[in-house]
Amino acid sequence: MLEVSALNTAYGRAHILFDVALDARPGEVVVLLGRNGAGKSTTLKSLIGLVRPLSGEIRFNGRRIDRLQPYQVARLGLGYVPEERRIFADLSVMENLEVGRQPRRDGAAFWTPERLFELFPNLGRMKERGGGRMSGGEQQMLTIARTLMGNPSTVLLDEPSEGLSPLIVEQMAATIRDLKREGLCVLLSEQNLHFSELVADRAYIIETGQIRYSGTMAELSADEAVREQYLSV
Amino acid sequence: MTAAAILIQFLNGLASASSLFLVAAGLSLIFGVTRIVNFAHGSLYMLGTYIAYSLIEHFGRGPLGFWGAVLLAGLIVAAFGALVEIFLLRRIYAAPELLQLLATFALVLIVKDFALWVWGPEDLLGPRAPGLGGAVEIAGRQFPEYDLFLIVLGPLVLAILWAILTRTRWGTLVRAATEDREMAGALGVNQKWLFTGVFALGSLLAGLGGSVQIPREPANLFMDLSVISDAFVVVVVGGLGSIGGAFLAALLIAEIKAFCIGIGDVTWFGHVLSFSKLTLVVEFIVMAVVLVIRPWGLLGRQQSVPRSSGAAEAPLALPSRTAVQALVALLAALALVPVFFSGYALVLLIDIMVFALFSVSLYFIMGPGGMHSFGHAAYFGLGAYGAGLIVKSGAAMEVGLLAGPLLAGIGALVFGWFCVRLSGVYLAMLTLAFAQIAWSVVFQWDAVTGGSNGLIGIWPAPWLASKTAYYYLALAGCATGIFVLWRILYAPFGYALRAGRDSPLRADAIGIDVRSRQWGAFVIAGLAAGLAGSLSAFSKGSISPESMAVPRSVDGLVMVLLGGIQNLTGPVWGAALFTWLQDAVAREIDYWRAVLGAVILALVLAFPQGIAGYIGQFIESRRVKSAGAPA
Ligand SMILES: Nc1ncnc2c1ncn2[C@@H]1O[C@H](COP(=O)(O)OP(=O)(O)O)[C@@H](O)[C@H]1O
Ligand SMILES: [Mg+2]
């Protein structure tokens, strides 16, 4: 259960997020849609604590997390998958997974490398391969698997479909639905409306750092005017 | 050389490589994870040697006493390292890189005086290792058994480190954090304890490196800086953060040194070529060659730009009217000083002015140029020697004042050509290497430079012989030099230089040749530092090699950083404060280095942006407050 209210974030003097409010409940897939530069990544980074918000309240399972260090937030069960993947290039697949490993957590799925290889069969075939010698799609799978090793109850996915081939995008959508079936809550950021329609239950639209729309994915799909205004390029 | 001699020299090289590798591996490990260049690493080594000496005295010289002492010394140093990390470094991880350096350098000063206080100034040679005190015959020659032990120790430690780093969870986390510590944090890795652990392990290696040396090398107070410069060279040659690279580089350098000693003097076409004298610089030559061919070291990888960058440096504002007025008033006050004071006050003020010029010239390449120099004293020294040698050869002192800066400028022209090809820590190390080369030429070339004695009897022309007259010359020279440097920063050259520092790619795109600007800046700074050196030589009447040694370069860094690198006048205040402190404290207090170190630490912890930077922020915040206050 993630609840965000009146979140303001700045980089130095550049104020980026203005009173962002959103929430995501267990078992739900929520998408944060917006164009390039709208503030999606900044929102997710504020949640995990990689950038410190100016003001606002972030609650995770009822607990304030907006003053915690990223490692503390992660240990509470909020996983983060960055946009740039940030695979440890010198480490093998198994070692990348090891970095993400955290103890079993009550009320959240428990992941082992073996279970993850069922979800991502490709990775299972390259356990000892160095992270720097994998394709973009493989890296994207690994970065998600690595975060799952922390047994999170909620995962933040920053533009998971970015830069992937259509086939891999389909796989990614299937993966996110798998995670939902495991009972995970997923908050993802996207520019790709089609991909969002494949996975999301609810949607927020962010533009210039402000939430402009909130509704179910079905409502958004039906609302041509909103899509025209905020999402068409 | 005979085959037997070659074998023995080769084994000698292997034995020396081990200790070198231990220190360098620790330094590299610490840098890889924390991104802190630990200047105090040589001090940890020195502590290891001294502590081992005392423990052996205490436990006795039996096998248990000796080996127990060697191990325990390493562990004590490791514990000390952990404390340093927890109480000092943790507070400054977010501070600018150079301030971190300054803090670890303050530790060097404190540890040195601590060692002086506890163990005194005499060299202390430990006993031979029990059971390994003899020699074995190899190829018909005697070879110390203890050296055989050292030969095994290096690869053994390498294997253990390799196992820790690749076969344990902790090692995996360390390697992950070396690559991207922010991401490791977002995955739940608590960096705090990881950093402490790495620092403790690195300190353990340094301490052990020092303690195993006790039968070979007496503990002395100069080990810290000589070990740290050796270790820097090894780490840079091997590639920052690469343990394997450190091993390779330690081997390479130790072998080359061993063979230089082994070859000794060679007569070549009637000239005597002394290879053994080359040992002082050969590692720096190796480093310079490696860095030019492989800028990231033998096994290193290009440093990625740090992920979480701090606040961008504010653009250089034109000085306000009040600031200009204040500077003019200061200049007028300085011009009036001889009316009221004479003698020692003038000598101290000349020193301060000379170092202000030196420090501003260093700031010139470090701040706006973005090139961190660890070897700026080279140009100060070249200026001093250039002036001194010309005068000794019979030229007038006025000619000397031109020749000094010129020689320094030529030195900067040559060294700068290499340096501007690198950036960051690598550039800093290359500047250090060149300074060391220049120093050792001066130090060894007895016939011309007077070697370690230096030159004496370098006096100004008769019309400048009075202290007052020389004071005005120094004031005019330094003020002009500083003004010209400042003026250049507001000329198109200065803007282009800063553009190159802030975004090299963009500067390149708009047609600025970044490298040639940096080279130019290097030469300008060299000329200015040379002027400072020449002025200082005539003021003192003598020149010693210390004027261009590593500690002098570090003094310059301390001055610039004390003042704060964001501020134009900062280096002047830093120089004044440092010179005055050194003078006042050194005369009154035996352990002035420790006091200085403590002051520096206090300043770093209290004002992580430097003094002038802090005052600037303070004024800014006052202005914002008063502007925002209701009328
Ligand atoms: N580290 C940073 N420093 C300064 N500005 C940034 C930084 N990261 C992002 N921005 C700015 O913040 C805004 C939002 O960026 P971001 O959150 O990355 O958008 P999105 O993920 O929606 O594409 C953009 O205008 C971007 O230029
Ligand atoms: Mg983004």
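The values are calculated or read from the model by the stated rules, or taken from the named source; none is laboratory data. Just so we're clear, the structure is a prediction, and the values are computed from it rather than from any experiment. Using ideal geometry, Cβ is built from the backbone for each residue, glycine included, and neighbour counts are taken over all protein chains shown. With ligands, DNA and RNA removed, areas are computed over all heavy atoms of the protein, side chains included. Shrake-Rupley method; radii C 1.70, N 1.55, O 1.52, S 1.80 Å.
How large, in percent, is the carbon and sulfur part of the accessible surface of the range A:2-230 at a probe radius of 1.4 Å?
Whole-percent figure for carbon plus sulfur exposure: 47.
Give the Kirkwood hydrodynamic radius (Å, one decimal) of the range B:309-388, defined as one over the mean of 1/r across all pairs of different Cα atoms.
15.7 Å
Report, in listed order, any pair from B:K112/B:K257; B:K277/B:K392; B:K112/B:K467; B:K392/B:K467; A:K45/B:K192; A:K45/A:K180 with a Cα-Cα distance greater than 29 Å.
The answer is B:K112/B:K467.
Would you mind pulling out the separation of the Cα centroids of the range B:391-414 and the range A:3-36, in Å?
Here the answer is 64 Å between Cα centres.
Mind checking B:178-185 for the average number of partner chain beta-carbons within 10 Å of each residue's beta-carbon?
6
Summing -39500 (n - 2.57) over the DSSP H runs of n ≥ 4 in chain B and dividing by its residue number, what mean residue ellipticity at 222 nm do you reach, to the nearest 500 deg cm²/dmol?
-24500 deg cm²/dmol
By how many degrees, between 0 and 90 and to the nearest 10, does the Cα long axis of helix B:243-263 differ from the longest principal axis of chain B?
Tilt of helix B:243-263: around 90 degrees.
Sum -39500 (n - 2.57) across every DSSP H segment of at least 4 residues in chain A, then divide by the residue count to get the 222 nm mean residue ellipticity, nearest 500.
Dividing the helical sum by the residues of chain A leaves -9500 deg cm²/dmol.
Can you pull out the buried accessible area for chains A and B, both sides counted, probe 1.4 Å, rounded to the nearest 100 Å²?
Its buried surface, counting both partners, is about 2000 Å².
Could you state the number of Å between the C-alpha centres of the range B:222-300 and the range A:57-115?
45 Å
Taking the mean number of other Cβ atoms within 10 Å as a proxy for protection, how do you rank A:59-66, B:543-550 from highest to lowest?
In descending order of packing, they fall as B:543-550, A:59-66.
Just the accessible area per residue of chain A, please: how many Å² with a 1.4 Å probe?
41 Å²
Rank by packing, highest mean first: peptides B:371-380, B:109-118, with packing defined as the count of other Cβ atoms within 10 Å averaged across residues.
Peptide ranking by packing, descending: B:371-380, B:109-118.
What angle, in degrees between 0 and 90 and rounded to the nearest 10, separates the Cα long axis of helix B:611-628 from the longest principal axis of the Cα atoms of chain B?
50 degrees
Just tell me how shielded B:162-170 is by partners: mean number of partner chain Cβ atoms within 10 Å of each residue's Cβ, no decimals.
The shielding value for this peptide is 1.
By per-residue mean of other Cβ atoms within 10 Å, what is the highest-first order of B:390-400, B:593-603?
Sorting B:390-400, B:593-603 by mean packing, highest first, produces B:593-603, B:390-400.
When the accessible area of the range B:35-121 is split by element with a 1.4 Å probe, what percent falls to carbon and sulfur?
73 percent
Please give the direction-averaged projected area of the C-alpha convex hull for the range B:10-293, in square nanometres with one decimal.
17.2 nm²
Taking the Cα atoms of the range A:2-230, what is the range of coordinates along each of the three principal axes, in descending order and whole Å?
Its Cα atoms span 46, 38, 34 Å along the three principal axes.
Mind pulling the angle between the C-alpha long axis of helix B:570-588 and the longest principal axis of chain B? Nearest 10 degrees, somewhere in 0 to 90.
60 degrees
Debye sum, Cα scatterers, chain B, no solvent: what log₁₀ I/I(0) at q = 0.06, 0.07, 0.10 1/Å?
With no solvent term, the Cα-only Debye profile gives -0.34, -0.46, -0.95.
When you look at the Cβ of every residue in A:4-15, what mean number of other chain Cβ atoms sits within 10 Å?
That works out to 1 on average.
From largest to smallest, what semi-axes in whole angstrom does the protein assembly as shown give when each is the square root of 5 times an eigenvalue of its alpha carbon gyration tensor?
52, 37, 23
Hydropathy at least -0.5 by Kyte-Doolittle, axial extent at least 20 angstrom from the Cα trace: which helices of chain A, defined as entire DSSP H runs, fit?
Long hydrophobic helices here: A:166-181.
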